[in-house]
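See below for the structure under consideration.
Coordinate-derived values only; no laboratory data. Because the structure is predicted, anything quoted here is derived from the model rather than measured. Positions of Cβ are generated from backbone atoms using ideal geometry, with glycine treated the same way; all protein chains shown enter the neighbour counts.
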Amino acid sequence: MNDKRASCRSLLLNYIIALAFIIAMNFILPRLMPGDPLHAIYGDEALVAMTPELEKSLIKEFALDRSWIEQLQAYIIGLLQGDLGFSYYYKEQVTSVIMGALPWTMLLIVLALVMATALGIILGIESGYRRGRPQDHLMVAGLMFLSGFPMFFMGILLLLIFGVSLGWAPLSGAVTPYAGLEGIDYFMDVLSHLILPVTALVLVLVGETFLITRNTVVSLLEEPFILTARGKGCSELAVKYAHVGRNSLLPVVTKTGMSIPLLLVQTIFIEIVFSYPGVGLLLTSALDARDYPLIQGILLLITVLVLTINFLVDILYKRLDPRVRYAH
Amino acid sequence: MHIDPLRDGFSNRFALMALSILLAIILMAILAPVLTRFPPDYYTGQIFSPPSYSHPLGTDSMGQDIWSRLLFGARTTLFVAASVTLISTLLSFLVGASAALIGGLYESFWMRIVDAMSSVPPMIVMILLAAYLRPNLLVMVLLLSFLSWPIGARIIRSQVLSLKERGHVYASRTFGASWWHILKSHIAPELGPLLTAIMIQDARRAVFMEAAMGFLGVSDPMVISWGKMMQQALAFTYLNVWEWWLLPTGFALSLTLVSLSFLGLSLETAMDPRLRKDELGAE
């Protein structure tokens, strides 16, 4: 029991170090830049809005006229209060700008993750079951080819084929602007805007789940309990899904959890391609406008999300697999 | 681990295909000035001209020859990939191997850093750094190397940990061999296939990150980069210029990345005998 708690604490320490690293970079980078630190903290947009009174109050807020230690203190206290600063580009608190975009990103991620995992497991089982046969080789080669694609080019291809050339799907955004749709029409509108970005994400993501499921299935098929299942007359379908499939779930669950951080990053690029109004699109407009508080806020939010998810997956993994639990 | 990756892995059809594509891209990059008549930044006088004899891929919104830019972009990609791979793999090897051999507090210190660094996606740190620094090519290479070594270091450490318990290493130690000698003549040779796999992964990551930074518009604007070209082209999807601007660039980048993944995968297969037998089709 004590060992388990110690390994948990050690894990937590890793995540705290990582978070401290990002926060330290957020603090140090703007202050390292040549020129006025206030300009580096707030970016180009702030200069337009800057008045002597505002400048004075901001200097006071960031403790810029005092020592580094006091500046750091002011920065951390601000963060603890959930204050990520003010975006002069959007003329709004960074927190509320991000909260406006976050639901769209979540929608994309959750849909893509569920669909990619389900598809990956099914294809993986089917392919592992047929290992060495042409269908298996075709699936392995095809999915590896897809997952080798850079996410943003996959999005661009879908956009060009189905959006630009065929005109089957909307080109950008999450809803048709000014359409004033309600109820079922609104739902269908949102859905039609989701199809291409989610497909792009699924196509690139599915490879990994597929490969892990397939490799697990290949090694599971040699286990005695499969022979037993066959021997007692289980149908092929039952062997395939109830025996092999169920036992290959554990590595898949872990891997899916571990791939969420990557998915978050890749969604940024997909949102840019499809001008989908999520956090990723927000990040590019912040990068273009050099709206530093917004850039920092978004990256800090993603970091916190990634660290939390990683930590949960680590703990969940220990709970799910008794072997790991006893080993630690 | 006595596996010859060249014989085992690359006998695979996919690996061979991947290798030839990479070779073609390397040749394109080396022969760039021979294969095109226009310097990549030369203003040809016409913008958005469709493909023609003198401009095989037409010209872009700045009136520059796209084929030239594609060739010279390959140079950027390969330069970044090669230098990041070398620096990062060297760092991984030094940290991973020394941590495993020296052990103690030194090992805990480095492994703590490795664990902490690998819990944040490198892309996020890279975007943050690039947003402020707007790195030129050299700084980009250094930043990418700095972000990519921990993954390899962890793999090398665990391999060295198991290698150093082998009989011949023990024997060598009883003869009074120094750690450096053991590392050089007993451990490094055994790490060959693993190092190759790590190098391929590093190269793939470097190519992708360099393109991604260009695509996000935070890399050096003077550097010709495939990612940057795609970002510029994406703004003009309402014209049909994407057919000879966006698509060739995207496919060049994708083919490079896919080839590297296939190479890495076949190497992994070669190193894992459990998977090897079914890849070869012998059940």
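Taking the Cβ of B:TYR42 as the centre, find all other residues whose Cβ is under 14 Å away and add up their charges (Lys, Arg: +1; Asp, Glu: -1).
Net charge in that neighbourhood comes out at -1.
Okay, which of region B:30-60 sit inside 13 Å, backbone N to the point 7 Å along the Cα-Cβ direction of B:LEU239?
B:45-51, B:58-60
Ranked highest first by average number of other Cβ atoms within 10 Å, how do B:211-217, B:137-143 line up?
Ranking the peptides B:211-217, B:137-143 by packing returns B:211-217, B:137-143.
So what is the relative contact order for chain A, in percent, with contacts set as C-alpha pairs under 8 Å and at least six apart?
27
What is the calculated FRET efficiency for B:ARG112 to B:ALA177, with r their C-beta to C-beta distance and R₀ = 25 Å, to the nearest 0.05?
0.30
How far is it, in nm, from the label point at B:ALA188 to the one at A:SER172 when both lie 7 Å from their Cα along the line to the Cβ?
5.4
Pop out the ³J(HN,Hα) list for region A:241-251 in order, Karplus 6.51 cos²θ - 1.76 cosθ + 1.60 with θ = phi - 60°, rounded to Hz; leave Gly and Pro as x.
In residue order, the calculated couplings are 9, 7, 8, 5, x, 4, 6, 8, 5, 4, x Hz.
Check which residues have an amide H placed less than 5 Å from A:GLU92's amide H, if you skip close sequence neighbours.
When sequence neighbours closer than 5 places are left aside, the close amide H contacts are A:SER87.
Quick check on the protein assembly as shown: what does the Kirkwood estimate of hydrodynamic radius come out to from the alpha carbon pairs, in Å?
Computed over the protein assembly as shown, the radius equals 26.6 Å.
What are the lysines whose alpha-carbon lies under 26 Å from the alpha-carbon of B:LYS184, with same-chain residues fewer than 8 places away excluded?
B:LYS164
Run lengths n ≥ 4 of DSSP H only: what is the helix-derived mean residue ellipticity at 222 nm for chain A, with -39500 (n - 2.57) per run over all residues, to the nearest 500?
My calculation for chain A gives -25000 deg cm²/dmol from helical runs alone.
About the Cα centre of the protein assembly as shown, what is the dipole size in debye to 20, counting +1 per Lys and Arg Cβ and -1 per Asp and Glu Cβ, all else neutral?
For this selection, approximately 2040 debye.
Could you put B:THR269, B:THR44 in order, starting from the residue whose Cβ has the fewest other Cβ atoms within 10 Å?
Least to most surrounded, the residues fall as B:THR44, B:THR269.
Along region A:254-269, what does the Karplus equation 6.51 cos²θ - 1.76 cosθ + 1.60 (θ = phi - 60°) give for ³J(HN,Hα), rounded to whole Hz, x for Gly and Pro?
Result, rounded to whole Hz: 4, 5, 4, x, 6, 8, 4, x, 4, 4, 4, 5, 5, 4, 3, 6.
Just grab the label-to-label distance for B:SER61 and B:LEU35, each label 7 Å out from Cα along the Cβ direction, in nm (one decimal).
According to this spin-label approximation, the distance is 2.6 nm.
Could you derive backbone 3J(HN,Hα) for region B:179-189 from the dihedral phi with the Karplus parameters 6.51, -1.76 and 1.60 (θ = phi - 60°), listing whole Hz in sequence and x where the residue is Gly or Pro?
Listing the rounded values in order: 4, 5, 5, 4, 4, 6, 9, 10, 9, 3, x Hz.
Among B:ARG173, A:ARG9, rank each residue by its count of other Cβ atoms within 10 Å, from fewest to most, as a rough exposure measure.
A:ARG9, B:ARG173
Take every Cα pair under 8 Å in chain B that's 6+ residues apart, average their separations, divide by the length, and report that relative contact order as a whole percent.
Over chain B, the number comes to 28 percent.
Cross-link list A:LYS91/B:LYS228; A:LYS232/A:LYS318; A:LYS232/A:LYS255; A:LYS255/A:LYS318: which exceed 24 angstrom alpha carbon to alpha carbon?
The answer is A:LYS91/B:LYS228; A:LYS232/A:LYS318; A:LYS232/A:LYS255.
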